[in-house]
Amino acid sequence: MEVSLKIENLSAYFGEKKILDSITFDIPSKAITAIVGPSGCGKSTFVRTINRMNDRFENFRTSGRIILDGEDVLSKNYPLESLRMRIGMVFQRPNPFPKSIYENVAFGLKIHGIKDKKTLDESVRSSLKAAAIYEQVKDNLSLNAYKLSGGQQQRLCIARALAVKPEVILLDEPTSAIDPIATKQIEDVLEKLSEDYTIVIVTHNIQQAARIADYIAFIYLGKLVEFGKAEEILTSPKEKLTNDYLTGVYS
Amino acid sequence: MLQKLGKGDVDIFSPHFKKNNVVDSVLWSSGWLSNVIIIAIIFFLFYNWVPLFKTVSPIEFFFGTRWYPTVTPPLYGTLPLLIATIEISLFSLILTFPISIVVTIFMTFIAPKKIRYLIKIFLEFFSSIPSVVLGLIGLSIVSPYLQNTFNLDTGLNVFNASLMLTFLTIPITASMMEDFMVSFPREQIEGAEALGATSIETLWKVILPGLKGPFASIAMLSMGRIFGETMIVLMIAGNAAIFPTSIFDPAKPLSATIAAEMGETAVGTPHFYALFGIGVIIFFITLFINLIGESIRIKYEMEMRRN
Amino acid sequence: MNLYLKKRLRKQKIVFFTISVLAILILVAMMGIIVIIFVKGIRVINWKFLTSLPSFDFYGVPQGGIGPAIVGTFLITGLGLVFSVPLGILGGIFLSEYRTKGKLFNIMRMSVANLAGVPSVVHGLFGMAVFTIFFGLGLSILSASLTLSILALPIVIMVTENAMKNVPDSVREGAFALGAKRWQSALLVVFPAAFSKIMTGVVLSSARIAGETAPILFTGATLYLTYYPHGLNEQFMALPYMIWGLVTTSINISASTPFAYGISIVLIILVAAMNSVAMVSRFVMRKHDVL
């Protein structure tokens, strides 16, 4: 197993409140790792710590390390912009920019200084294709993204994240706000993407994890209870807590 | 180890903001522009006021009871002007406040939705009528009417000015009130209704007492606006620098004095300096009134957020 | 229904009836003001009135038109916006997107509110002291529009700040997650999203500065011009100032009054037009609402 991100002894705090408690495990490269656990257990905080989205909250603190390519991304010397180029994120609710489809996907490249029209066009097209939305929008790339359906918006957000060529894509319950058919489409996209990208997906839906995950990390009350191959966790969990969760005690 | 996150690259809303590039600096400077202007206003007002004290004592300026800038020797007592302003502002507020409440209650409780929407549009439109137009109405219609009906020496007086100021202020006062009324916590209203209160009882016993804070702040903000208004009082307060003893006396408020006399005085004369001194008085009193209004509003908003 | 409840409901009816009567009276009085203006001034309005130069006959009866005053009002309002809108938008963006909890920041926000509360006559004094005298711009279109721009600045700032704050936070997070810097999120994502709302506010504030009189009293307005200004360093006529002049300083006030009403109509139609532009754009925006 090739490792993409090494999580070492990661704790996170909002003010005095400890949200994550000494989490240590390796996130495998080019695979889907699902972060599961009951709501409020710190799953979201975990992924938002990886790309440092939570830095915006002034009372947010972390300790421990997250190693990407031998460097600690939590270090204050690690430039935020390049971190976020390397680790993309898709949010719970689709959050396209109130711009055209094209501008949404090209945004990341543009702010990182790519101006060449041909490169942009090519990248927008390939990203939209990878997110399996190209066929639906190719004739109307200047359409405002807010005119798309929820599922389409979410795939557009995936395309937007792909355009900057990240290595890791974080998804924070990406299907919780959209309908089952759109959910299926997004799951298919993610499975396809996992051939080239490291994917970390937070989900409270254990069936979803079963459908798409290669690895599962179970977090409970801010602690990592168990991490392993998906089929092992689902069929023969080592911890009683995991078993209880899977059988529905906490849901 | 508890590590504090990076200083140079924290995101939005963080207190550790550091300007990283030209754009940040430009935005940051624009943010400060209002401060710079306020300080510049204070500086230039004082700069053109202080030389007055070479010829006039501060006590005479603030407490002198006669404003006769054109007699020899000229007298620069601003007290009658200040009293006139206070009298007109208070009287106008006394009219504006209850009228605005009545209009607001009508809009929010009684009128059907469509009518309410129309009234809102009308108030917005009316509030954009320039004050000089209301001054014209006061001068050419209200004044002769008052003069004939009450058999007065002049219809240009405290009452007329206050009345037209009231028309100027009702639209904004009522629309501020309406904002608060509409956003009043639904649960509290339902709580009263669940106990069988009629809507008038809910209004009287729950909503209006609950809005005491915001309404106080609205009163202050309206007052701040009335206090410095110029064109209406310039045209219809009567332009007589006496202590108005009745609301049918003419008067000369602070702002009108500046507007009426600045054109006739030369730069660098004591009269010029005295007019800037009046500007100082208006500036600081409105600032004070607005600060009180603002702080009441902030206090109320914080209480609301806590609940 | 018991007797007590009946009594309460009757009381409610009486109170509501009284309030309705009072409120309708007030609203009718306000509408009456507008009606009076139109009735008294409509006679003087014609093409010549709108386009020709002002003149007075031997008895002080106004003869000509208000052409230079219309031009002057448009000039100072437009220039006032040219100075205030860019700076105000930048300031509003800072207040909305660079929010911090610091004390300095509160001072910054407070001073915007305070500047908005400065009476217009004080703006007039300040404009005269700074632009007319200190910078030596004299009584001129430039001095007056700079003075008006300072009056408009806090309004533009507040309009911008509110419009930007209405853009949901998730949009900003989307930008940050792609590695956008704070200014990139502010200028490239949030500002375009808020743009039409900001413009609505700017139109409304321009209606306000078009009607201001006190700030231009001592910065360059004049009552009588027999030509159109050729440059920004010249004096100008303005509609609100002309109303004041006609009914307070002209030789024949009673003959001038209908003229003043005519100008009032023009001014009211002008601000009403600006208001409706703002209203229509707000309506259209709601229809194609993106946010």
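Every number in this text was worked out from the coordinates using simple rules, so none of it is lab data. Keep in mind it's a predicted model, so treat the numbers as computed, not measured. Note that we place each Cβ from the backbone using ideal geometry, even for glycine, and neighbour counts take in every protein chain shown.
Taking every DSSP bridge with both residues inside the range A:3-246, close to 60 percent are antiparallel. Scaling against 2.2 N^0.38 Å puts the C-alpha radius of gyration of the range B:235-307 at 1.63. The range C:191-240 and the range B:46-122 have their alpha-carbon centroids 25 Å apart. Label zone of C:GLN12 (point 7 Å out along Cα→Cβ, amide N under 11 Å): in the range B:180-224 this covers B:193-194, B:196-203. Using the Karplus relation 6.51 cos²θ - 1.76 cosθ + 1.60 with θ = phi - 60°, the per-residue 3J(HN,Hα) values for the range C:219-230 come to 10, x, 6, 9, 8, 8, 10, 9, 8, 8, x, 9 Hz, with x marking Gly and Pro.
Give the shape of the range B:217-268 as rounded, prolate or oblate, defined through the alpha-carbon gyration tensor: a ≥ b ≥ c are the square roots of its eigenvalues, a/c under 1.5 means rounded, and otherwise the shape is prolate if a/b is larger than b/c and oblate if not. Write down the numbers at each step before the final one.
Details: a/c = 2.60, a/b = 1.30, b/c = 2.00.
In terms of gyration-tensor shape, oblate.
Calculated on C-alpha atoms, the gyration radius of chain B divided by its Kirkwood radius gives an Rg/Rh of 1.07.
Karplus-derived 3J(HN,Hα) values for the range A:77-88, using 6.51 cos²θ - 1.76 cosθ + 1.60 with θ = phi - 60°, are 7, 6, x, 4, 5, 6, 4, 6, 6, 7, 10, x Hz; glycine and proline are entered as x. Less than 5 angstrom separates the built amide H of A:ILE201 from those of A:THR33, A:ALA34, A:ILE35, A:LEU171, all sequence-distant by 5 or more or on a different chain. Taking amide hydrogens as placed 1.01 Å from N in the peptide plane, the amide H of B:GLY238 sits under 5 Å from those of B:ALA251, each at least 5 positions away in sequence or on another chain. Shielding value for A:66-72 is 0, the average number of Cβ atoms from other chains within 10 Å of each residue's Cβ.
Positive-end ranking of A:ILE206, A:PRO79, A:THR242 along the dipole of the range A:3-246, with charges on Cβ about the Cα centre, is headed by A:PRO79.
For the range A:3-246, the Cβ-based charge dipole about the Cα centre amounts to some 680 debye (Lys, Arg positive; Asp, Glu negative; other atoms uncharged).
In units of the compact-protein estimate 2.2 N^0.38 Å, the range A:2-43 shows a Cα radius of gyration of 1.32. Please work out the Cα center distance from the range C:1-38 to the range C:140-178, rounded to the nearest Å. Distance between centres, Cα-based: 40 Å.
Please give the average number of partner chain Cβ atoms lying within 10 Å of the Cβ of each residue in A:49-58, rounded to a whole number.
Working: counts 0, 0, 3, 7, 4, 2, 10, 11, 5, 9.
Mean partner shielding for this stretch: 5.
Evaluated with a Cβ-only charge set (Lys, Arg +1; Asp, Glu -1), the protein assembly as shown carries a dipole of roughly 1040 debye about its Cα centre, given to the nearest 20. Backbone amide hydrogens, once placed in the peptide plane, bring A:SER4 within less than 5 Å of A:ILE27, A:SER29, excluding anything fewer than 5 places away on its chain.
Can you tell me what share of the DSSP beta bridges in the protein assembly as shown is antiparallel? A percent to the nearest 5 is fine.
Working: 29 of 48 bridges.
The answer is about 60 percent antiparallel.
Legend: mean number of C-beta atoms from other chains within 10 angstrom of residue C-beta atoms, peptide B:115-121, equals 1.
For the peptides C:142-153, B:101-112, A:74-85, the ranking by packing is C:142-153, B:101-112, A:74-85, with the highest mean count of neighbouring Cβ atoms within 10 Å listed first. Using Cβ point charges alone (K and R +1, D and E -1), the dipole size of the range C:5-156 about the Cα centre works out to roughly 1440 debye. Put a dot 7 Å past the Cα of A:THR119, heading toward its Cβ, do the same for A:ASP69, and the two dots end up 1.7 nm apart. Across the protein assembly as shown the C-alpha pair distances fall into 10 Å bins from zero in the proportions 2, 11, 18, 19, 16, 13, 10, 6, 3, 1, 0 percent.
Residues B:ILE59, A:ILE50, C:ILE34, arranged from fewest to most other Cβ atoms within 10 angstrom of their Cβ, appear as B:ILE59, C:ILE34, A:ILE50.
In terms of its Cα atoms, chain A spans 53, 42, 33 Å along the principal axes, sorted from long to short. What share of Cα pairs, in percent, lie more than 30 angstrom apart in the range C:67-287? Every Cα pair in the range C:67-287 considered, those over 30 Å come to 33 percent. Ranked by how many other Cβ atoms sit within 10 Å of their own Cβ, fewest first, the residues C:MET30, C:MET285, B:MET164 fall in the order C:MET285, C:MET30, B:MET164. Prolate is the label for the range A:1-121, because the ratio a/c of its alpha-carbon gyration tensor axes (a ≥ b ≥ c) is 1.5 or higher and a/b is greater than b/c.
Please report A:PHE60, A:PHE97 as a ranked list, fewest other C-beta atoms within 10 angstrom at the top and most at the bottom. Mind dumping the intermediate values first?
Numbers: A:PHE60 21, A:PHE97 27.
Ordered from fewest to most neighbouring Cβ atoms within 10 Å, A:PHE60, A:PHE97 come out as A:PHE60, A:PHE97.
Between C:GLY211, C:PRO229, C:ILE34, the Cα set farthest toward the positive side of the dipole of chain C (charges on each charged residue's Cβ, about the Cα centre) is that of C:ILE34.
With 21 Å as the limit on Cα-Cα distance, the pairs of A:LYS18/A:LYS43; B:LYS114/C:LYS165; A:LYS129/A:LYS165 that go past it are B:LYS114/C:LYS165.
Between the range A:51-109 and the range B:129-196, what's the alpha-carbon centroid distance in Å? Here the two parts' Cα centres lie 54 Å apart.
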